[in-house]
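Just below is one structure, and these are the notes that go with it.
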Amino acid sequence: MSEHDLVIRGGLVVGPEGEVRADVGVRGEQIASIGTGLRGRRELDADGLYVLPGAVDGHVHMRTDRPVDVYDDTFETGTIAAAFGGVTAIVDQAQVEPGTPLVDGVRRRRAEADGHCVIDYGLHVNLREPSLDRVAELPAAMAEGCPTVKLFMSYPAYRLPDEILFRAMQHVAGEDGMVVVHAENGAIVEELSRELRAAGGSDPVAFPSISPPVLEGEAVHRALAIAELAGCRILIFHLTTADSVAELRRARAAGRPAFGEALLHHLLIGDDVYADPDLAPQFMGTPPLRPREHREALWAALGDGTLDLVSTDHGPRRRLPDEHGVPRHRPGTSGVEVRLALMHSEVVLAGRIDLARWVELCCTAPARLHGLARKGRLAPGFDADIVLFDPAAERTLAAAVLHSDIDHSTYDGMRVRGWPVTTIARGDIVISSGDLRAEPGRGRFVRRERPGHAILAPWRSS
Ligand SMILES: [Zn+2]
């Protein structure tokens, strides 16, 4: 029997198909075998632990060097926090500035990231200019290793009109890529927002009224219809309402290549937080937090396969002192480090999904949909991205025990059961016993595959 560089012995290996007690053998950067009685030059005892594929977060925002949209985690601190949370790959975004060719924007974002990440990363290309010349640059930008194109239907300076969405989707479909879409009715959200401001509305309780659920459903419907017309694969980012889920379910039932993402905070935090003026500002971005009936619809959609993956939209900002020196929250949430643990604690242990579905939502499906073809699975030939997860470990979430470069956590004070204790990335032990064992720069840019080519197994439906 040939020897491995590393063997993880005796853990419960969890994948989207279920669980098996087995050893995992690593050679170089890849998984070489799954079996019993494997021997290695180095061995880790995983008795009592779950052995998972490294988690993938396909929706994060690390620091930019632009004056707006500044998030406080750098590629270094953000990927360190991710690694501590059992994440072995992220997909950040090249939010290319208007006036900049898309290829230049992708290369510029890579220059900000390269040399700083401890885990691997990819980039979505964000088309922001409603210009057909810019749209025509999409194939070249995608050829930089970015097969996913982000399109906004909301936010001034980001949102695109329907005809540009349509043409962009045609180009993306021509390259066999996928669009990732922020689906809201930007025009009416902005109008309702103006109305709220004009009425002097500074009470956070009124904030969600600018993005009514029926309107999110309308935008999701429109995005799906335009994608269908363009023949384009589409992942709708951050669905938050029963209306949106119903639209996606209809498209799926019709056999469309349409997929849906839920964000951790939309699942776990309700709109009652807007009554807390201290905490509320973190959640004053759209789509907003929703009432329980909408969250119940998201839970059901995670369980029945209508929603495909859970991401974080990690883009936290430090609190800043107000005129009285009191630290105040700003819009933006943290989550990249706590997703696996919170989904285990709040969703698996609550009986809403099983272990296999947990791994599918956090690890396998994000890798597959975002074209990280060698990640998200524990199988020979895949990257040796492996997490040892202790289902009995308990933590109380707080900035002091987490690793983002911010002064709080969105989930401050929450008690979780289950925690990633060891993170291995392409065969390197990156996190062990609460310590970082890797240097910034070990993580590489991943030239992602076309998403369609990365689908390795049939979707589990129901
Ligand atoms: Zn985002």
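The values are calculated or read from the model by the stated rules, or taken from the named source; none is laboratory data. As the structure is a prediction and not an experimental result, all values here were calculated from the model. So basically every Cβ, Gly included, is an ideal-geometry build from the backbone, and we count neighbours across all protein chains shown.
In region 297-318, what residues are of a type outside the set (A, V, I, L, M), in contact with a helix residue (DSSP H, G or I) (Cβ under 9 Å, 6 or more places away or on another chain) and more than 15 Å from the ligand (Cβ to nearest atom)?
Those that are of a type outside the set (A, V, I, L, M), in contact with a helix residue (DSSP H, G or I) (Cβ under 9 Å, 6 or more places away or on another chain) and more than 15 Å from the ligand (Cβ to nearest atom): TRP299, GLY303, ASP304, GLY305, THR306, ASP308.
Considering only strands (runs of 3 or more DSSP E) fully contained in region 117-197, which possess at least 1 residues that are buried (at least 16 other Cβ atoms within 10 Å of the Cβ), among the polar types (S, T, N, Q) and in contact (Cβ under 8 Å) with a residue 40 or more places away in the chain?
Result: 148-152.
Output the number of residues of region 277-324 satisfying the condition of being within 22 Å of GLY413 (Cα to Cα) and free of Cβ contacts under 8 Å to residues at least 24 places away in the same chain.
So the answer is 4.
Results for (1) closer than 15 Å to ILE429 by Cβ; (2) aliphatic (A, V, I, L, M), shown as yes or no for each residue.
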| residue | (1), (2) |
| --- | --- |
| ARG9 | yes, no |
| GLY18 | no, no |
| ALA22 | no, yes |
| GLY28 | yes, no |
| ILE34 | no, yes |
| LEU44 | yes, yes |
| GLY48 | no, no |
| ALA55 | no, yes |
| ASP65 | no, no |
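Mind checking which strands (runs of 3 or more DSSP E) fall wholly inside region 1-115 and carry at least 3 residues that are under 30 Å from LEU127 (Cα atoms)?
Per the criteria, 55-57, 87-94.
What's the number of the condition SER209 fails, among (1) more than 16 Å from the ligand (Cβ to nearest atom); (2) crowded, with 23+ Cβ neighbours inside 10 Å; (3) of a type in the set (Ser, Thr, Tyr)?
Here SER209 clears every test but (2).
Would you be able to say whether some residue in region 58-74 is under 19 Å from MET142 (Cβ atoms), within 15 Å of the ligand (Cβ to nearest atom), crowded, with 22+ Cβ neighbours inside 10 Å and in contact (Cβ under 8 Å) with a residue 24 or more places away in the chain?
Yes, the conditions are met somewhere in region 58-74.
Sort out which residues of region 331-357 are over 25 Å from PHE283 (Cα atoms) and under 18 Å from the mean Cα position of the chain (by Cα), and write them in order of number.
Correct list: ARG357 only.
Against the conditions (1) touching a Phe, Trp or Tyr at 6+ places or on another chain (Cβ under 9 Å); (2) closer than 30 Å to PRO281 by Cα; (3) not in a strand (DSSP E or B), where does ARG395 fall short? Just the number, please.
(3)
Would you confirm whether or not region 285-300 contains a residue that is at pLDDT below 95, crowded, with 19+ Cβ neighbours inside 10 Å, polar (S, T, N, Q) and at negative phi?
Within region 285-300, one or more residues are at pLDDT below 95, crowded, with 19+ Cβ neighbours inside 10 Å, polar (S, T, N, Q) and at negative phi.
Tell me which residues, restricted to region 283-296, are away from the ligand (no atom under 16 Å from the Cβ) and either under 21 Å from ALA356 (Cα atoms) or not basic (Lys, Arg) (or both).
Listed by number, the residues that qualify are PRO291, GLU293, HIS294, GLU296.
Quick one: is ARG159 under 22 Å from LEU263 (Cβ atoms), in the same structural domain as THR286 (by TED's automatic domain parsing) and out of contact with any Ser or Thr (no Cβ under 9 Å at 6 or more places or on another chain)?
Spelling it out, ARG159 is indeed under 22 Å from LEU263 (Cβ atoms), in the same structural domain as THR286 (by TED's automatic domain parsing) and out of contact with any Ser or Thr (no Cβ under 9 Å at 6 or more places or on another chain).
Part of a helix (DSSP H, G or I), under 22 Å from ASP162 (Cα atoms) and within 16 Å of the ligand (Cβ to nearest atom): does that describe ALA219?
When the stated conditions are applied, ALA219 passes them.
Based on what the data block shows, is LEU248 more than 21 Å from TYR411 (Cα to Cα), assigned to a strand (DSSP E or B) and in contact (Cβ under 8 Å) with a residue 40 or more places away in the chain?
Criteria not met by LEU248.
Within region 259-297, track down each residue that is of a type in the set (D, E, K, R) and assigned to a loop (DSSP other than H, G, I, E, B).
Within region 259-297, ASP276, ASP278, ARG290 meet the criteria.
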